[in-house]
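Okay, structure first, notes after.
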Amino acid sequence: MNDEINQLADRLDDTAEQLAELSIELLQGALADADTSDARSKLERSVTRARRATIKAAAILRESTGGSDPYDD
């Protein structure tokens, strides 16, 4: 069971990375287009919130199995 939980946590980490890349792409696109629209800004904030939630979910799963959080500094 711990292996399954750790695999899920790893997949969440991968998802968090993908969300981070998407957020960066959104920001870069906004800069390149000089786009200050509220819609793009709102989307980027939503993606960032989802990334943070995903990181927290992975940490909670690892904590429950006695694993360490790779984002702990």
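Of the heavy-atom accessible surface of the chain (probe 1.4 angstrom), what whole percent is carbon and sulfur? Summing carbon and sulfur atoms, their accessible area is 51 percent of the total for the chain. The structure shown yields Rg/Rh (Cα atoms, Kirkwood Rh), and of the options [x] 1.14; [y] 1.07; [z] 1.18 that calculated value carries the label [x]. Look at the dipole of the chain built from charges on Cβ: of Gly66, Ile5, Leu22, the Cα furthest out on the positive end belongs to Leu22.
Accessible area per residue for the chain, computed on protein heavy atoms with a 1.4 Å probe, is 74 Å². Using heavy atoms of the protein chains and a probe of 1.4 Å, the accessible area assigned to Glu25 is about 110 Å². Residue by residue, segment 53-66 carries 3J(HN,Hα) couplings of 5, 5, 4, 5, 4, 4, 5, 5, 4, 5, 4, 5, 9, x Hz when phi is fed to the Karplus relation 6.51 cos²θ - 1.76 cosθ + 1.60 (θ = phi - 60°); x denotes Gly or Pro. Mean residue ellipticity, 222 nm, helices only, the chain: the sum of -39500 (n - 2.57) across DSSP H runs of n ≥ 4, divided by residue count and rounded to 500, is -29000 deg cm²/dmol.
Multiplying the residue separation of Gln18 and Arg40 by 0.36 nm and subtracting their alpha-carbon distance yields 6.1 nm.
If only the Cβ of Lys and Arg carry +1 and only the Cβ of Asp and Glu carry -1, the dipole of the chain around its Cα centre is close to 380 debye.
The values are calculated or read from the model by the stated rules, or taken from the named source; none is laboratory data. Owing to the predicted nature of the structure, the values given are computational and were not obtained by experimental measurement. Here the Cβ is made from the backbone with ideal geometry for all residues, glycine too, and neighbour counts use every protein chain on show. Areas reflect the complete protein model, heavy atoms only, side chains present, ligands, DNA and RNA absent. Shrake-Rupley method; radii C 1.70, N 1.55, O 1.52, S 1.80 Å.
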